[in-house]
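Following: one structure in structure tokens, then a few remarks.
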Amino acid sequence: MSATAYIKRRWKLLLNILTIAALVALCFGLRRELLTTLDNLMRVKAWMLLLLIPVEALNYHAQARFYEKVFAMVDEKLSYWSMYKVSLELNFVNHVFPSGGVAGVSYFSYRLRQFGVRGAKATLVQSMKLLLLFSSFIILLVFGMVALAVRGHVNDVVLSIGASLTTLIVVGTLLFVYVIGSQARIHMFLRSVVVGMNWLIHLVRPRHPETINLAGASKVFEEFHQDYILMRSRSRQLLGPVWWSLVANIAEVAAVYVVYMAFGSYVNIGAVILAYAIANFAGLVSVLPGGVGIYEALMTSVLVATGIPVSLSLPVTIMYRVLNTLLQLPPGYALYHQTLRRPSPAPELGDE
């Protein structure tokens, strides 16, 4: 049996092995942080850390409601609980397989095929989620900068970080809208992506010059654009998704603040908002699971720049990361593993 045939037959087993290896790597990378967190637990209000559970539950509630609303805009009716579970799985995939969100988009399309949703529509919805999460975060950034200014914690570094983040989000949003607004532009952009992916795959599999069929992909591009036009015609219905995106962002920032409260420190919320934003942007391009190392270093650095001493910001950041990981990844992995054990959905045109 050839290696390719073996992979096709055993891909679920191999993916499970890869997942477990990634989890082991994540725990190994956090080994010192885990020990530090256990030590810190002795000097914090542990009962207050229990607030992380309802805060994260609110986060996933907001994501599930978001999916409900956006899928309804493209004539797909999906249940709240199914979207809640998919959100948990998606967090696990994005956390364990760092790829700037690409792994999550691919998994989301695969997962939604089990509900009869075509890949183009699932990709559009996931793209809209990322767009609205980033866009709605501008509201939090503005609020955070005002909170820092009121307390006199604004300096050149803080202003530069806040302005750069806001500019990046605005430019990225406008660019996305520009590309997706024209069938010709979206076809040209996605065609370039497909050609690039085929080239990369060809380096590893020289006998497969066109793993992703361009003709089939073109049909998917057309469906993607048509679904976008349908969604744009119902733009008034976007108010709900925007609201739930904002709630999800607020819940994530609140989770960090809960840990500060457990340490008995009620720091400036603007500092937490700014640090959270920087750390998550950097985590998108990290090659390590969960952005281990980069995330903690950047979040701590920004917090220190806003006046929070490193003796407080570092243990809080580490504890937040470890506890949040331990709280979210186990249920996400359990649901993800259940999905892998189900029969694979039928491939779409353009898949091979």
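Residue 175 contributes about 110 Å² of solvent-accessible surface, heavy atoms of the protein only, 1.4 Å probe.
Of the whole protein surface, residue 150 contributes about 120 Å² of accessible area at a 1.4 Å probe radius.
Which order do 227, 156 take by accessible area at a 1.4 Å probe, largest first?
Solvent-accessible surface, decreasing: 156, 227.
Here is the list for the stretch 222-266: chymotrypsin sites (Phe, Trp or Tyr not before Pro) lying in DSSP coil, each with at most 16 other C-beta atoms within 10 angstrom of its C-beta, are 266. Rounded to the nearest 10 square angstrom, residue 111 shows an accessible area of 10 square angstrom against a 1.4 Å probe. Between residue 164 and residue 229, what is the label-point separation in nm under the 7 Å Cα-to-beta-carbon projection? Roughly 4.1 nm, to one decimal.
The values are calculated or read from the model by the stated rules, or taken from the named source; none is laboratory data. These figures come from a predicted structure and were not determined experimentally. Because the Cβ atoms are built from the backbone with ideal geometry, glycine has one as well, and the counts that use them run over all protein chains shown. Note: accessible area is taken over every heavy atom of the protein model, side chains too, but ligands, DNA and RNA are not part of it. Shrake-Rupley method; radii C 1.70, N 1.55, O 1.52, S 1.80 Å.
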